[in-house]
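Some notes on the structure that comes next.
The values are calculated or read from the model by the stated rules, or taken from the named source; none is laboratory data. Bear in mind that the values here come from a model prediction, so they are computed numbers and not experimental data. In this analysis, Cβ positions are derived from the backbone assuming ideal geometry, glycine residues included, and neighbour counts consider all displayed protein chains. For accessibility, only protein heavy atoms count, side chains too; no ligands or nucleic acids. Shrake-Rupley method; radii C 1.70, N 1.55, O 1.52, S 1.80 Å.
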Amino acid sequence: MYIKEKIYRWIFTVLAFSSFVFLVGIIIVLFRESLPLFQKVRLFDFLLGRFWYPTYDPPEFGILPLILASVWVTCGALCVCVPLGIGSALFLNELATPGQRAVLKPLIEILASIPSIVYGFFGMVVLAPFLQQLLHIPVGLCAFSASLILGIMAVPTVCSIAEDALSYVPRSFREASFAVGANRWQTLTKVVIPAAGSGISTAIILGISRAIGETMTVLMVAGGAAVIPTSFFMPVRPMTAAIAAEMGEAPMGGLHYRALFSIALILFLITFLFNIIAELVSRRFRLKLGLAQ
Amino acid sequence: MDEAIKMKAENVNFFYGKTQALKDVSLDIHAHSVTAIIGPSGCGKSTFIRLLNRMNDLIPHAQLIGRVYLDCQDVFSHAADPVELRRRVGMVFQKPNPFPKSIFENIAYGLHVNNIKDKDFVETRVIESLKKAALWEEVRHRLHESALKLSGGQQQRLCIARCLAVSPEVILFDEPCASLDPISTAKIEELILELKKEYTIVIVTHNMQQAARVADYTAFFLLGELIEFNKTQELFTAPKDKRTEAYITGRFG
Ligand SMILES: Nc1ncnc2c1ncn2[C@@H]1O[C@H](COP(=O)(O)OP(=O)(O)OP(=O)(O)O)[C@@H](O)[C@H]1O
Ligand SMILES: [Mg+2]
């Protein structure tokens, strides 16, 4: 019996630490495959170079257009997922009847379970042609369409985390507010939302990292032109889309290949940073509400 | 002592869905006095005092039959505004519940939501309320620190100050000392005796000595019914009902 318990303990410890091993492995590979690039290309030229011509002779590896494309598309997506996600969270938490809740919550969760290729398909076949006609723009596959789709994809992330944050606000805060003669709206804006503030920020940050890391959809919908974006209605090529589109044709071990790995490394660092910020903010939130041990 | 009736419950029945929590309760609350409500757990004490400021409005599927009056006005009539009522009938809860804001903001909150914006007035009122709640000396140098840094007893007095700031006429206390140590409890009791000069007070308590110490009138509830209501001294020394006697002598509950 005693030995059996020890074995179980050991197995689960190994399983639990395996994700740590994967993380370290991924980081090592990212660095090993990307660092040799910087013997040939200066980091400065790589990050701020205006031209991404990896297959020209001589090639140019400036990823500024890709970074900016990611930034534009992500900001656009935020404009969609923040109002929609937080609005739905507020509705679910404050106004919805139990019946509405029972319908809406699973519906929003289903949004999260749709594979991204389906979103991409929808964007390509339905949304892009529709926007092209509606707005009279030259191409439907552009930063704008990608932002819309990415934004909708990030709604469940933002909504469910924001909703958790709102539901953690103790009932006693609301009661205290009502008891001094505050109305519902005042209670919501002056007590509940500020108390859930850092939780809501966490929701937004995780929404950002969801949008910035999404690949398949932007590959299909953003249009793919590696030029510095000057308008939301231009086709763009975000970082993830560049990696996915070009990895297959880049000769292994070549400069192009290493440049793509470097982009992946930068993406990894960005999302890593965002997740750390989200964790810190949400820890502060739990402390503030006295939920942390 | 002014013996006018400040609040009045008349044949109040209250239901949570199908379960009846109050059965035909009629009770007068005298102005400028302390009315204690005692009774075993689950007998409807909280339900009753939360009716007095319509805090139960927020509970779905709850239903009230009967009337509650404040200064002879029906507080549940269609014309009555619950927000206005709650400004006149304040409440202090069992667990201290300061907002995660500064001490100052906690007290100013009630003024802000009632559209009182004048800075000087708000400041004067905050200080005045803290003094009345016997907290001023302890916090005068840290008004802008988080209220959550205060001790439990201080937090409860802060909640009392927050309630006083909107100058209510009636203050409802639902077991205000349940989570406090004896010294903090003594402070709150002293405060209640002080406050009754200006306000009408209703206090729910599980502690019969507390009721005996602070209350002018005491009501004994059992299973949703008001069994006995009398001057505190008479209720404790010469209970008319067998069940009251059994409860106050500790034979059940
Ligand atoms: N929100 C609610 N929904 C349904 N039933 C409730 C609700 N609140 C209270 N009750 C029920 O109503 C009855 C009276 O509850 P109440 O909280 O008024 O008792 P109490 O006298 O304050 O008890 P305690 O001394 O434990 O605080 C209890 O049977 C309780 O289960
Ligand atoms: Mg109670």
Leaving ligands, DNA and RNA out of it, rank B:ARG243, B:ARG162, A:ARG32, A:ARG174 by accessible area with a 1.4 Å probe, largest first.
A:ARG32, B:ARG243, A:ARG174, B:ARG162
Give me the percent of accessible area attributable to carbon and sulfur for chain B, probe 1.4 angstrom.
51 percent
List the lysines whose Cα sits under 29 Å from the Cα of B:LYS45, skipping any in the same chain fewer than 8 residues away.
B:LYS6, B:LYS8, B:LYS18, B:LYS23, B:LYS95, B:LYS132, B:LYS187, B:LYS196, B:LYS197, B:LYS231, B:LYS240, B:LYS242
Taking beta carbons within 10 Å but only from partner chains, what does the mean come to for residues B:53-63?
1
Tell me, how many Å apart are the Cα centres for the stretch B:74-102 and for the stretch A:92-155?
42 Å
Which value in nm describes the separation of the simple spin-label points at B:VAL83 and A:THR189, placed 7 Å from the Cα toward the beta carbon?
1.1 nm
If you count only protein heavy atoms and use a 1.4 Å probe, how large is the accessible surface of A:TYR8, to the nearest 10 Å²?
120 Å²
Taking amide hydrogens as modeled 1.01 Å from N in the peptide plane, which residues meet the under 5 Å criterion relative to A:ALA225, leaving out close sequence neighbours?
A:VAL236, A:ARG237
Just counting partner chain Cβ atoms within 10 Å, what average do the residues of peptide A:167-179 show around their Cβ?
6
For peptide A:180-190, compute the average count of partner chain beta-carbon atoms within 10 Å of each residue's beta-carbon.
6
On the principal axes of its Cα set, how long, how wide and how thick is chain A? Give whole Å, largest value first.
73, 69, 33
Taking A:84-96, A:146-158 and ranking on average Cβ neighbours within 10 Å, highest first, one gets A:146-158, A:84-96
If you wrap the protein assembly as shown's Cα atoms in a convex hull and average its projection over all directions, what's the area in nm²?
37.0 nm²
Order B:LYS23, B:LYS149, A:LYS105, most accessible first, counting only protein heavy atoms with a 1.4 angstrom probe.
B:LYS149, B:LYS23, A:LYS105
About the Cα centre of the stretch A:40-292, how large is the charge dipole given +1 on each Lys and Arg Cβ and -1 on each Asp and Glu Cβ? Please answer in debye to the nearest 20.
760 debye
At a probe of 1.4 Å, how much accessible area disappears from chains B and A on forming the pair, both sides counted, to the nearest 100 Å²?
1700 Å²
From highest to lowest solvent-accessible area (probe 1.4 Å; ligands, DNA and RNA excluded), A:ASP45, B:ASP118, B:ASP74 read B:ASP118, A:ASP45, B:ASP74
Find out how many positive minus negative residues lie around A:ILE26, taking Lys and Arg as positive, Asp and Glu as negative, among other residues whose Cβ is under 14 Å from that of A:ILE26.
0
Computed accessible area, B:SER146, all protein chains, 1.4 angstrom probe, square angstrom:
40 Å²
Charge tally in the Cβ shell below 11 Å around A:LEU68, where Lys, Arg are +1 and Asp, Glu are -1, A:LEU68 excluded
+2
B:TYR69 accessible area, assembled protein chains, probe 1.4 Å, Å²:
50 Å²
Provide the per-residue ³J(HN,Hα) series for the stretch A:68-73, in order, calculated from phi with Karplus coefficients 6.51, -1.76, 1.60 and θ = phi - 60°, each as a whole number of Hz, with x at glycine and proline positions.
5, 4, 4, 5, 4, 4
